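Here the structure comes first, spelled out in structure tokens, and everything after it is commentary.
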Amino acid sequence: MKLELNKVTKKYKEKVALHDISCTFTNGVYGLLGPNGAGKTTLLRILADVLKPTNGTITFNEQNIYKLDYKYRDLLGYLPQDCGFYPNFTAHRYLQYIAALKGLPKQQVEQKIDEMLAVVHLTPYKKVKIRKFSGGMKQRLGIAQSLLNDPKLLLLDEPTAGLDPKERIRFRNLISELAQERIILLSTHITTDIEAIASEIIILKDGQLLEQNKPDKLLEKLQQQVWHVSLPATQLNELYKRHIVGHIHQKGNDIEARVIATKQPSDDAILQTPRLEDIYLYYFGDVMDKQEVNNDDQT
Ligand SMILES: Nc1ncnc2c1ncn2[C@@H]1O[C@H](COP(=O)(O)OP(=O)(O)OP(=O)(O)O)[C@@H](O)[C@H]1O
Ligand SMILES: [Mg+2]
């Protein structure tokens with residue numbers, strides 16, 4: 001399978017949300033990484049055919065997706081960022097409704113619903129109304145509906161938002177299991193969600209595609225550039241001015257910090273093995289609030 005975007009641009013009036021995006025997806029898991037407003041949802045909505053691009057073409061196996069029409073949509077599973085639910089529906093009723101929308105053969109529906117509820121660990125809640133669900137449970141129900149038609153192309157917009165750590169690990173394992181014979185695109189801010197499972201990572205910033213590469217190739221970029229430094233807390237502001245600063249740790253009057261710098265930032269700085277979160281900082285450090293970095297460290 002091959003999904004190809006050629007110079008896709010999306011404008012909302014004056015705002016250019018996507019600019020000239022060209023990329024190719026074949027079977028595998030693709031992590032769409034970018035800060036708020038980068039264009040991730042816009043890109044996924046275009047691929048899910050709920051939004052039309054202003055310019056550019058999209059082909060699936062060399063055929064224009066708008067010519068393929070329902071044949072394309074039948075291949076899709078889509079988890080929107082804000083998955084709307086009818087609060088008075090039970091999980092079961094909701095999945096029946098989605099199954100009908102997707103045109104699943106009637107005789108398969110009940111078995112498929114039970115299967116999907118089991119996959120997202122919601123079987124005991126089958127007959128419970130959605131208004132009683134927690135945020136994470138709703139998210140899991142959203143993942144279940146996206147998988148109902150066994151989609152060849154799975155589009156997940158921040159699928160792990162609201163999931164607790166245990167469910168995040170289960171989700172990661174599920175995606176790895178599903179990855180064969182499918183194209184899976186998932187957007188996230190959480191680099192650890194995709195570090196281990198993404199075959200490729202796409203970095204979006206201000207509507208532009210900055211990188212599409214395998215995780216290890218991205219990490220190679222930062223070889224010899226990630227450092228552990230220790231310095232008096234009073235010098236922290238100076239450090240922020242000169243370098244991209246990641247996690248910091250207060251130790252008495254001193255600060256230990258992870259720093260991205262092309263040259264050794266201080267005599268006692270020790271080289272670290274780059275991680276995907278360093279890549280995130282490298283590309284987006286300038287748009288991240290210092291406060292946010294501080295808060296990040298406390299979680
Ligand atoms: N319906 C709309 N009308 C006008 N501008 C929009 C609309 N939807 C999105 N935008 C703008 O387009 C840009 C990209 O938005 P998008 O929702 O695709 O970003 P995102 O990467 O999904 O962000 P987030 O991480 O916050 O979900 C943003 O600047 C946003 O304000
Ligand atoms: Mg979004």
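Coordinate-derived values only; no laboratory data. The shown structure was predicted, so the numbers you read here are calculated from the model rather than taken from an experiment. Because the Cβ atoms are built from the backbone with ideal geometry, glycine has one as well, and the counts that use them run over all protein chains shown.
Things worth noting here:
- In summary, the aspartates and glutamates within cross-link reach of LYS71, defined as a Cα separation below 15 angstrom excluding same-chain residues under 8 places away, comprise ASP49, GLU62, ASP150.
- The stretch 54-160: GluC sites (Glu not before Pro) in DSSP coil with no more than 10 other Cβ atoms inside 10 Å: GLU62
- A straight line joining the Cα centroids of the stretch 141-161 and the stretch 61-133 runs 8 Å.
- Quotient of the Cα radius of gyration of the stretch 7-88 and 2.2 N^0.38 Å, N being its number of residues: 1.17.
- 25 Å Cα-Cα threshold exceeded, pairs from LYS10/LYS166; LYS40/LYS152; LYS67/LYS205; LYS102/LYS127; LYS15/LYS205; LYS7/LYS214: LYS10/LYS166; LYS67/LYS205
- Cleavage-rule hits, GluC sites (Glu not before Pro), the stretch 170-222, DSSP coil, Cβ neighbours within 10 Å at most 11: GLU181
- In the chain, the C-alpha radius of gyration followed by the widest Cα-Cα span (Dmax) gives 21.4, 70 angstrom.
- Its DSSP H runs of at least 4 residues, each contributing -39,500 (n - 2.57), put the calculated 222 nm mean residue ellipticity of the chain at -10000 deg cm²/dmol, to the nearest 500.
- In summary, the aspartates and glutamates within cross-link reach of LYS241, defined as a Cα separation below 15 angstrom excluding same-chain residues under 8 places away, comprise ASP286, ASP289.
- Beta bridges per DSSP with both ends in the chain, % antiparallel, nearest 5: 65
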